[in-house]
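Okay, structure first, notes after.
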Amino acid sequence: MVTVDWIAIAVLAVALGLGALLGLGKWLKFFTSGVFGVIISIIICYFIGGGILQLHFVQEMLAKFAALWSDKGGFGYSLLTKIHLEIIVYYVVLFIVVQIARVLLVKLIQKGLESDIKPIKVVNRLLGAAFAFAMIFFIGLLVLWIVAWVGGDTAASWEAYFKDSGFVGALYRNNPISGIADYISKYFPQSMQDFLPSAALAVNGII
């Protein structure tokens, strides 16, 4: 164990304490608002957008929308057709819907957990501690994975520093995110291609 191990353990312990103090409701609000919330919504839109595009009703609606300019001449209308403005508008609308749904869901969960009933308070604090610990742990793994993925002198110096580390060093050398990333890069295009935006558009003749 080296200094960075004790620092990491201390940070995780503080996360547990703050999670229990604030409860799951407040932690959810923190991690799903602002920049975090926008990133979550973008990821959700990416994964569900292609599947929704395969719905016949959605295809017909987008085709009628695109017909407003596709049959007209001129550089401007041609540009709108080339960039597939209807798809851009579709994803903007989907993003807004996901944002609204996310906010409402978090508020609903927060309201349910932040009750004055003692058993619910206990559950809220326990879930808050677990959630805070998991999020801080994941962020730490993500930082370690990014450094290893980028490589270079920084990764080499980190590898040398973590040589005698029994906790952070072990996570750096055996980062579970690396395995997940490798799995996604290997299997994701084949197993989920029908749900990707590009594949859905091509299959349905939109592009």
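Inspect all residues belonging to the stretch 82-99 and state whether any of them is under 17 Å from the mean Cα position of the chain (by Cα) and open to solvent by 80 Å² or more (accessible area, probe 1.4 Å).
Scanning the stretch 82-99, I find at least one residue that is under 17 Å from the mean Cα position of the chain (by Cα) and open to solvent by 80 Å² or more (accessible area, probe 1.4 Å), so the answer is yes.
Quick check on residue 13: is it free of Cβ contacts under 8 Å to residues at least 40 places away in the same chain, crowded, with 17+ Cβ neighbours inside 10 Å and in a helix (DSSP H, G or I)?
When the stated conditions are applied, residue 13 does not pass them.
Those residues that are farther than 16 Å from residue 21 by Cβ, in a helix (DSSP H, G or I) and open to solvent by 80 Å² or more (accessible area, probe 1.4 Å), I need them from the stretch 106-128; list them, please.
Within the stretch 106-128, 107, 108, 111, 118, 119 qualify.
The values are calculated or read from the model by the stated rules, or taken from the named source; none is laboratory data. These figures come from a predicted structure and were not determined experimentally. Every residue, glycine among them, receives a Cβ derived from its backbone with ideal geometry; neighbour counts consider all protein chains shown. To get the accessible areas, we keep the full protein, side chains included, count just its heavy atoms, and leave off ligands, DNA and RNA. Shrake-Rupley method; radii C 1.70, N 1.55, O 1.52, S 1.80 Å.
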